[in-house]
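Trainee: Before we start, here is the structure in question, set down as structure tokens.
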Amino acid sequence: MIQQNLKKVRENIDDACRRAGRNPKEVTLIAVSKTQPVELLRQALDAGTYDLGENKVQELCDKYEILSREYEDIRWHMIGHLQRNKVKQVLDKACLIHSVDSLRLAQQISSEAQKKQIVAHVLIEVNVGEEESKFGVLAADAPALAEQMAQLPALKIEGLMTIAPYVDNPEENRWIFQKLRQLSIDIGTRNLDNVNMNVLSMGMTNDYIVAVEEGATLVRVGTGIFGERNYNL
Ligand SMILES: *Cc1c(COP(=O)(O)O)cnc(C)c1O
């Protein structure tokens, strides 16, 4: 079941790349495994999907403990809102933190990374749709935040992330993805030290095909791989 879902999602990504004249190798599928039991994560891993996304620090750490004994090379992505007091725990486990949306959080990540003598790879989360319920910096404020973050010693900014609104028709989110891509180009042309704009983390189950057509390099798909989440477990 999970294996078939992964295959289908990957085919859809590859088709979207072809339509957009992109190389499918530019797009990495992250299986968003939040709330799912490790048994299902094993199925995704056994099917060859090594990029896993979690939105809670504790859950990521617990699953990391169990699965890092069984599999090498899992790439854990921290995709949820991150509190400063939890940075330390997740820092050496996540390959990429997608959800940096304030200088204070970025400073905390950099200072903890310095202590561990590592460099933290991060994305700036942008609330392109300007939804009040969502985290993320406003698009207008993202370039200034990138400039300030660029000064921090143990951070590497790899690109931008957005969570688009829930819509019935994914076409309604196309402008969001176009806007995030344009923003990444604008920030990229400033040629800041420690700032790369190579990564665009955008698109979820409902709208990842449109996101890939508009330049996504990381797509975060949960339900479309693992099925509905049960938050009562
Ligand atoms: C849960 C979540 C996803 C996956 O959502 P689906 O609609 O199940 O694909 C993607 N990104 C973030 C940040 C999430 O929290």
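Each reported figure results from applying straightforward, stated rules to the coordinates on display, with no laboratory input. This is a predicted model, so every value here is computed, not measured. Cβ sites come from the backbone with ideal geometry, for glycine too, and all protein chains shown count toward neighbours.
Trainee: Which Cα, out of Gln114, Asn198, Ile66, lies furthest along the positive dipole direction of the chain (beta carbon charges, K/R +1, D/E -1)?
Mentor: Towards the positive end, the residue furthest out is Gln114.
Trainee: Does the chain classify as rounded, prolate or oblate by the C-alpha gyration tensor (a ≥ b ≥ c root eigenvalues; a/c under 1.5 gives rounded; else a/b over b/c gives prolate, otherwise oblate)? Show your work: numbers first, answer last.
Mentor: Numbers: a/c = 1.62, a/b = 1.10, b/c = 1.48.
Cα axes put the chain in the oblate bin.
Trainee: Ok, one more. Using Cα pairs under 8 angstrom and six or more residues apart, how large is the relative contact order of the chain, in percent?
Mentor: Numbers: 440 pairs, mean separation 48.9, N = 233.
Here the relative contact order equals 21 percent.
Trainee: Now for a different question. Using a Gaussian network model of the chain whose springs link C-alpha atoms within less than 10 Å, name the residue from Leu40, Leu160, Leu96 with the highest mean-square fluctuation.
Mentor: Leu40
Trainee: What are the GluC sites (Glu not before Pro) within segment 60-159 that DSSP puts in a loop, where the Cβ has at most 16 other Cβ atoms within 10 Å?
Mentor: Values: sites: Glu65, Glu70, Glu72, Glu112, Glu125, Glu130, Glu131, Glu132, Glu147, Glu158; in loops: Glu70, Glu72, Glu130, Glu131, Glu132.
Within segment 60-159, the qualifying GluC sites (Glu not before Pro) (loop, at most 16 other Cβ atoms within 10 Å) are Glu70, Glu72, Glu130, Glu131, Glu132.
Trainee: So which chymotrypsin sites (Phe, Trp or Tyr not before Pro) in segment 173-215 are both in a DSSP loop and have at most 16 other Cβ atoms within 10 Å of their Cβ?
Mentor: On the way: sites: Trp175, Phe177, Tyr208; in loops: none.
Sites meeting the loop and neighbour criteria: none at all.
Trainee: Here is a further query. Can you list the DSSP H helices in the chain whose Cα atoms extend at least 20 Å along the helix axis and whose mean Kyte-Doolittle hydropathy is -1.0 or higher?
Mentor: Values: long enough: 2-20 (27 Å, -1.19); 174-188 (21 Å, -0.11).
TM-like helix candidates: 174-188.
Trainee: Pick out which of Asn194, Asn85, Asn173 has the largest mean-square fluctuation in a Gaussian network model of the chain, springs linking Cα atoms closer than 10 Å.
Mentor: Asn85
Trainee: Under a Cβ-only charge scheme (Lys and Arg +1, Asp and Glu -1), can you give me the dipole magnitude of segment 108-233 about the Cα centre, in debye to the nearest 20? Please list the in-between numbers first.
Mentor: Values: 10 positive and 17 negative charges, 113 e Å.
Dipole about the Cα centre, nearest 20: 540 debye.
Trainee: Related question: Let a ≥ b ≥ c be the square roots of the eigenvalues of the Cα gyration tensor of segment 1-65; is it rounded (a/c under 1.5), or, if not, prolate (a/b larger than b/c) or oblate? The partial results should precede the final answer.
Mentor: Details: a/c = 3.03, a/b = 1.96, b/c = 1.55.
Here segment 1-65 falls in the prolate category.
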